[in-house]
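Novice: What follows is a single structure, and I will ask about it in a moment.
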Number of protein chains: 2
Amino acid sequence: MNQQSPGAPSKRTRVRRLAERAHYDQKTLYEIIDAAYLCNIAFNDGESTHCIPTACWRQENYLYVHGSNGGRLTKVLTAGIQVSIAITHLDGLVLARSAFNHTMNYRSAVIYGTFEIVDGSQQKMAALDAFMDKIAAGRKHEARPGDANELAATSVLRISLAEAAAKINNTGPEDKPEDLDLPVWAGILPMSVKYGEPIQSNADQHNSGDIPTPAYVQEWTNRS
Amino acid sequence: MNQQSPGAPSKRTRVRRLAERAHYDQKTLYEIIDAAYLCNIAFNDGESTHCIPTACWRQENYLYVHGSNGGRLTKVLTAGIQVSIAITHLDGLVLARSAFNHTMNYRSAVIYGTFEIVDGSQQKMAALDAFMDKIAAGRKHEARPGDANELAATSVLRISLAEAAAKINNTGPEDKPEDLDLPVWAGILPMSVKYGEPIQSNADQHNSGDIPTPAYVQEWTNRS
């Protein structure tokens, strides 16, 4: 039971955050973010603090989210308040020979900053196309694109990754020397994402037989 | 690209939160929490808002976390400030025939409240034993228990689940009638947790050959 939280900054000063960030290069940070479909956004609306999971994607040095114009999350984020965002991948449980040396393997990113609105139809559509590319490469050329009304009803926001910290724990059990001879199984119970068999929607009997299966569907279960 | 955030409360009033909560029974809420090893805790320390992932477990109607006494998260949470906690499981990507009807399947819980300190050695140890039971049933009888110093250096905190909301999206693609005949693959790309082959720690050559493999290690890859 390791006492370190995956994403906890040791101090809250900006300098310290950036110092932590420097533990990992930008490539590592991007890999952690790109492996995630969801992020957790923390904000305080002046009354309460909230933690809201929502879909996300990255382009260059920005994290993007989207929502309906009327949605509460959208309204709050467009106000430009300070937020903190956590993304965490759990990679396994680490079983040590003593209870208090148990820990977990993880990769996490924590981002600080404020969101800005992505304005203009072209810019919004380009951002949403990038989201679709993350979900299924090439599908933006297959699915019906959003029309003007759908696009107008949607807000796209982005936050700079300038102030982001990556943390990784990738270890085996670390026991005290005096515990090493205890007759206790020690090791790692790995966890990762399982990509299950795609389920084609054919309940409505529309086109279910004569649509070619896209590559991203065929290859889904082979991802790792 | 569905505009609903998994955990976003529609309004921030307590009444509304409890109304949402009523959409799901306690059993459903507990299942979502019990399936998680990590939660994301949002809090504002008077200077900034933070989102910190940390290990968690449930006992009865409380969510528990722990940390070292000197850790920043522990210090902040023991001060009794208002927090919001999100737990989310991503179950799949839902590919609709039109771009803006894409969504994700998920199960999420959002908890509001303040943490309280679990005091007293017996109470703390009982809580940490419950955490170990979650990680590996029965292992509390195998691993060396914490000694007085280890226990004293660790804080255990809990938060009531009285104000918690569960949200579930479990759907196939929902397209407009006029999109149903588009020749576009539609369906679900499922995601779940993969429990990988356990990796026994024997790099240090301690007891690696003569330790029986516990049931929770043998059965790890069969979990679902």
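Novice: For the stretch A:60-83, does any single residue satisfy the condition of being under 18 Å from A:F131 (Cβ atoms), at pLDDT 95 or above and touching a Phe, Trp or Tyr at 6+ places or on another chain (Cβ under 6 Å)?
Specialist: yes
Novice: Residue check: is B:S224 touching a residue at least 40 places away in the same chain (Cβ under 8 Å) and surrounded by fewer than 20 Cβ atoms within 10 Å (Cβ to Cβ)?
Specialist: For B:S224, the condition - touching a residue at least 40 places away in the same chain (Cβ under 8 Å) and surrounded by fewer than 20 Cβ atoms within 10 Å (Cβ to Cβ) - is not met.
Novice: For the stretch B:99-114, give me each residue that is at the interface with chain A (Cβ under 7 Å from one of its Cβ atoms) and assigned to a helix (DSSP H, G or I).
Specialist: Once the filter is applied, which keeps residues that are at the interface with chain A (Cβ under 7 Å from one of its Cβ atoms) and assigned to a helix (DSSP H, G or I), the stretch B:99-114 yields B:A99, B:F100.
Residue-wise test of (1) more than 8 Å from every other protein chain (Cβ to nearest Cβ); (2) surrounded by fewer than 23 Cβ atoms within 10 Å (Cβ to Cβ).
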| site | (1), (2) |
| --- | --- |
| A:V65 | yes, no |
| A:G70 | yes, yes |
| A:S84 | no, no |
| A:D91 | yes, yes |
| A:A96 | no, no |
| A:E116 | yes, yes |
| A:A126 | yes, yes |
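Novice: Then there is this: Filtering the stretch A:134-183 down to residues that are surrounded by 15 or more Cβ atoms within 10 Å (Cβ to Cβ) and part of a helix (DSSP H, G or I), which residue is farthest from the other protein chains (Cβ to nearest Cβ)?
Specialist: Step by step, filter the stretch A:134-183, then rank; the result is A:K134.
Novice: Also, I was wondering about something else. Quick check, is A:S108 within 30 Å of B:R144 (Cβ to Cβ) and under 18 Å from the mean Cα position of the chain (by Cα)?
Specialist: The answer is yes for A:S108.
Novice: Name the residues in the stretch B:51-63 that are at the interface with another protein chain (Cβ under 10 Å from one of its Cβ atoms) and touching a residue at least 24 places away in the same chain (Cβ under 8 Å), would you?
Specialist: B:A55
Novice: Regarding the stretch A:25-46, can at least one residue be identified that is facing chain B (nearest Cβ under 7 Å), in contact with a His (Cβ under 8 Å, 6 or more places away or on another chain), more than 26 Å from B:D91 (Cβ to Cβ) and at pLDDT below 95?
Specialist: no
The values are calculated or read from the model by the stated rules, or taken from the named source; none is laboratory data. Please read these numbers as outputs of a predicted model, since none were measured by experiment. All Cβ positions, even for glycine, are placed from backbone atoms using ideal geometry, and neighbour counts span all protein chains on display.
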